[in-house]
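The values are calculated or read from the model by the stated rules, or taken from the named source; none is laboratory data. Everything numeric in this text was worked out from a predicted model, so none of it was measured. Here the Cβ is made from the backbone with ideal geometry for all residues, glycine too, and neighbour counts use every protein chain on show. For the accessible areas, the whole protein counts, side chains as well, though only heavy atoms, and no ligand, DNA or RNA atoms are used. Shrake-Rupley method; radii C 1.70, N 1.55, O 1.52, S 1.80 Å.
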Amino acid sequence: MTVGAHLVDGVRRFRDSDVYYSFKRSPVTMVAAVVTAIFLISALFAPWLAPHQPFDPATVELLDAFTPPVWEAGGDPRFLLGTDDQGRDMLSTIMYGARISLGVGFAAVAFAMVIGVSLGLVSGYLGGAIDAVIMRVADIQLSFPAILIALLIDGVARSLLPRDMHGEVAIYVLVFAIGISGWVQYARTVRGSTMVEKNKEYVQAAHVMGIPPMLIMLRHVLPNVMGPVLVIGTIHLAVAIITEATLSFLGVGVPPTSPSLGTLIRVGNDFLFSGEWWITIFPGAALALLVLAVNLLGDWLRDALNPKLR
Amino acid sequence: MIAFIIRRFLQSVLVMLTVALIAFGLFRYVGDPINNMVGQDTSLQEREALREGLGLDDPFVVQFGRFVVNAVQGEFGISYRHRRPVEDLIAERLPATLELSIVAALIALLVGVPMGVYTGLHREGFLSRVFMTLSLIGVSLPTFLIGILLILLFGVVLRWLPTFGRGDVVDLGWWTTGLLTVSGAKALIMPSITLALFQMTLIMRLVRSEMLEVLRTDYIKFARARGLANRAINFGHALKNTLVPVITITGLQLGSIIAFAIITESVFQWPGMGLLFIQAINEVDIPVMSAYLCMIALFFVIINLIVDLLYYAVDPRLRIDSTVVGRHG
């Protein structure tokens with residue numbers, strides 16, 4: 001078959017699938033998917049879609065600072081959602097902010113997924129002392145809230161690094177901290193399904209054929225335990241975005257030079273009392289909308305892929 | 001039983017030692033502790049004398065041992081920024097955080113449980129749908145955003161409530177409380193609601209699902225067949241049986257309330273331990289950081305230990321499982 005035929009075949013299979021059917025039946029999910037898609041597109045293509053370039057000093061006029069949204073008295077049609085204290089267009093900064101928030105969120109989820117899935121595979125397949133140690137650590141970590149662990153790792157990492165490096169590496173530190181704080185869910189789920197798969201005939205056959213355990217885990221077991229991992233990943237994405245925003249709001253996350261949604265809210269918070277509410281409320285609304293949409297998608301995906309609920 | 005308690009206890013000690021090791025590592029190896037303690041004009045001889053006096057030339061194990069012994073006695077050194085013993089700083093801030101956390105936990109329980117019972121009993125009711133939708137939004141809104149919205153509404157637009165600080169506090173010698181003055185009580189309203197909201201939705205959903213489960217059981221049907229009043233069935237039979245998991249979860253959540261207090265305290269500039277910790281991170285005030293690290297870990301370890309032991313005492317199945325595993329192992 002040609003690539004085109006493959007594509008057509010894939011589309012047809014997707015259209016006939018249960019997942020698509022349950023998607024079509026749930027208007028809330030469709031709205032959530034559209035909202036998520038809008039966020040993803042505007043984040044990915046922010047440099048081309050944004051009406052202004054808020055981080056290019058040449059295009060930002062300090063005279064435009066504190067312009068209210070268009071519909072308020074004193075609004076300027078150039079700035080739909082108003083401007084911040086430095087005259088940057090709010091809509092554009094939010095688009096760039098969503099870019100950072102989503103970027104950190106996806107990276108942290110990927111990081112947690114890699115750690116969690118590998119440890120879960122090893123733990124479930126090899127068992128024994130390794131399994132006991134990994135699961136003990138997981139138990140202990142689970143007794144602390146994830147956001148606290150992320151905050152502690154972030155705080156410790158920051159104090160280990162020299163002060164002038166904070167701005168450059170802040171995003172990597174965040175991804176690391178949020179990733180580490182979230183691996184347990186993946187590891188536990190993958191360990192459970194690996195223990196089931198391990199005793200199935202195809203794995204036994206591969207074992208008898210003399211394929212090394214490492215290869216069996218990656219080539220044979222892994223593809224069969226990935227289903228639930230994707231569901232956890234979607235729900236974890238919402239958590240990761242909230243965690244990033246919270247840490248940035250607390251001032252230990254992304255620096256104001258390339259702000260995420262959380263940083264924007266932190267910066268805008270200072271102007272809440274002087275009446276410039278839009279500087280903090282619009283990024284806040286964007287964050288809430290994004291998290292709500294991703295949460296709804298995750299909930300739907302969990303139900304749609306769970307055969308027990310059909 | 002004894003073996004389980006000992007094993008569980010050893011695990012707790014191990015966790016605490018690990019946290020202490022991290023805290024100590026921070027204290028000892030991030031920057032030079034001596035440089036952080038003395039001023040610019042201290043001579044080299046004086047620095048060496050101080051180093052010798054503090055035992056910073058001793059082997060690692062000896063230093064770590066000394067750190068643990070001091071930590072157990074509640075001594076964590078002098079804050080780099082405040083130039084005061086860390087234990088004094090924490091003792092000063094502890095009442096603010098505990099007061100906030102306890103009031104928040106009470107609000108979460110007193111509002112969450114009735115809401116859960118109501119949504120459990122009237123599954124399809126209009127109010128139930130409203131509660132469930134609100135709880136989904138409540139889960140999606142980050143804590144700090146809820147705080148900002150409350151500040152905007154009640155602090156900036158309506159001007160009813162103070163937006164930062166604790167108001168006037170009464171000093172009881174060993175404890176400072178804001179509950180006894182009008183401004184203190186008013187200052188507590190918004191932070192405690194902000195902190196309570198997430199736990200409230202959690203408790204509501206938990207009570208609801210437990211109620212739905214219990215209402216399906218045979219003894220509830222039998223109670224109805226006996227002709228008991230709805231009120232007696234719902235509250236006397238159903239609610240009573242849902243309370244065990246609710247109490248356990250609330251107990252476990254007490255730790256996370258204190259952790260989430262970090263965020264709430266930042267939003268409302270509440271002078272508690274969480275704010276102290278965030279400022280310490282920003283200013284790389286290592287002694288305060290390591291003290292907070294050890295304290296919060298201790299808090300969580302104790303709560304989890306108590307819950308585990310209670311479970312073990314309450315649930316006989318756990319005992320059977322562990323003996324079976326023991327025989328095979």
For this session: Take segment B:130-144 and flag every residue that is within 15 Å of B:A196 (Cβ to Cβ), open to solvent by 10 Å² or more (accessible area, probe 1.4 Å), facing another protein chain (nearest Cβ under 10 Å) and in a helix (DSSP H, G or I).
Result: B:V139, B:T143
For this session: Could you grab me the full set of residues in segment B:274-302 that are more than 7 Å from every other protein chain (Cβ to nearest Cβ), more than 30 Å from B:L10 (Cβ to Cβ) and open to solvent by 10 Å² or more (accessible area, probe 1.4 Å)?
Result: B:L275, B:Q279, B:E283
For this session: Give me a count of the residues in segment B:71-93 that are of a type outside the set (D, E), in a helix (DSSP H, G or I) and surrounded by 13 or more Cβ atoms within 10 Å (Cβ to Cβ).
Result: 6
For this session: Answer yes or no as to whether A:I171 is in contact with a helix residue (DSSP H, G or I) (Cβ under 9 Å, 6 or more places away or on another chain), in a helix (DSSP H, G or I), at the interface with another protein chain (Cβ under 10 Å from one of its Cβ atoms) and hydrophobic (A, V, I, L, M, F, W, C).
Result: no
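A quick yes/no check of all residues on (1) assigned to a helix (DSSP H, G or I); (2) surrounded by 20 or more Cβ atoms within 10 Å (Cβ to Cβ):
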site	(1), (2)
B:E52	yes, no
B:R66	yes, no
B:P95	yes, yes
B:L109	yes, no
B:V117	yes, yes
B:R123	no, no
B:I148	yes, yes
B:I151	yes, yes
B:R159	no, no
For this session: Residue by residue through segment A:240-256, note down the ones that are more than 10 Å from every other protein chain (Cβ to nearest Cβ) and open to solvent by 10 Å² or more (accessible area, probe 1.4 Å).
Result: A:P255, A:P256
Seminar exercise, completed: Per the filter on segment A:259-280, residues closer than 13 Å to A:L91 by Cα and at the interface with chain B (Cβ under 7 Å from one of its Cβ atoms) are A:T280
Problem set entry | Given (1) out of contact with any Lys or Arg (no Cβ under 7 Å at 6 or more places or on another chain); (2) farther than 20 Å from B:F299 by Cβ, number of the condition B:Q73 does not satisfy | (2)
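Conditions tested, residue by residue: (1) open to solvent by 60 Å² or more (accessible area, probe 1.4 Å); (2) touching an Asp or Glu at 6+ places or on another chain (Cβ under 9 Å); (3) of a type outside the set (F, W, Y); (4) touching a residue at least 12 places away in the same chain (Cβ under 8 Å).
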site	(1), (2), (3), (4)
B:M190	no, no, yes, yes
B:L197	no, no, yes, yes
B:L212	no, no, yes, yes
B:T217	no, no, yes, no
B:G251	no, no, yes, yes
B:F260	no, no, no, yes
B:I263	no, no, yes, yes
